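The values are calculated or read from the model by the stated rules, or taken from the named source; none is laboratory data. Keep in mind the model is a prediction, meaning the values are calculated, not measured. Counting neighbours? That spans all protein chains shown, and the Cβs are built from the backbone with ideal geometry, glycine included. Each accessible area value is taken on the protein alone, full model and side chains, heavy atoms only, with ligands, DNA and RNA left out. Shrake-Rupley method; radii C 1.70, N 1.55, O 1.52, S 1.80 Å.
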Amino acid sequence: MEQARRQIDELDQQIVALLEKRMKVVEQVIAIKQAQTREILDSEREEKVMEKVTNHVKHPQYRPCIQSIYEEILKCSKEYQASKMGK
Ligand SMILES: C=C(O[C@@H]1C=C(C(=O)O)C=C[C@H]1O)C(=O)O
């Protein structure tokens, strides 16, 4: 059990680092959207993100869980953009 949980802790650290990296790139997107007065939501792009993510999943049994996580990531991404853009 301890060994498994140590592995989970290590993976969580990596996941958080990657999510922080993703949010850093979202900061760039915010600047571009402000400069080009573009909408926060881009449904076409979100469909592509979800499609790519779904295709990256190698084990079909994990697909629903990973898709749910990504839906939440996209939601947080838009909420963060809205908060930064004063919307
Ligand atoms: C980051 C963007 O803004 C929104 C959030 C997305 C994301 O976090 O991947 C994708 C599309 C947009 O609805 C973007 O337009 O690329």
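The number of residues in region 73-87 being open to solvent by 80 Å² or more (accessible area, probe 1.4 Å) and within 11 Å of the ligand (Cβ to nearest atom) comes to 2.
Taking the condition out of contact with any Gly (no Cβ under 9 Å at 6 or more places or on another chain), in a helix (DSSP H, G or I), more than 10 Å from the ligand (Cβ to nearest atom) and open to solvent by 90 Å² or more (accessible area, probe 1.4 Å), does Lys21 pass?
Numbers: out of contact with any Gly (no Cβ under 9 Å at 6 or more places or on another chain): yes; in a helix (DSSP H, G or I): yes; more than 10 Å from the ligand (Cβ to nearest atom): yes; open to solvent by 90 Å² or more (accessible area, probe 1.4 Å): yes.
For Lys21, the condition - out of contact with any Gly (no Cβ under 9 Å at 6 or more places or on another chain), in a helix (DSSP H, G or I), more than 10 Å from the ligand (Cβ to nearest atom) and open to solvent by 90 Å² or more (accessible area, probe 1.4 Å) - is met.
Being assigned to a helix (DSSP H, G or I) and more than 9 Å from the ligand (Cβ to nearest atom) is a property that does not hold for Lys33. Within region 42-72, if we keep just the residues that are exposed (fewer than 10 other Cβ atoms within 10 Å of the Cβ) and not in a helix (DSSP H, G or I), the residue that is farthest from the ligand (Cβ to nearest atom) turns out to be His59. Among the candidates Ser68, Ser43, Ser77, Ser83, the residue that is touching a residue at least 12 places away in the same chain (Cβ under 8 Å) and hydroxyl-bearing (Ser, Thr, Tyr) is uniquely Ser77.
Scan (1) open to solvent by 90 Å² or more (accessible area, probe 1.4 Å); (2) in a helix (DSSP H, G or I); (3) among the acidic types (Asp, Glu); (4) within 14 Å of the ligand (Cβ to nearest atom) for the single condition Glu39 breaks and write down its number. Failing condition for Glu39: (2).
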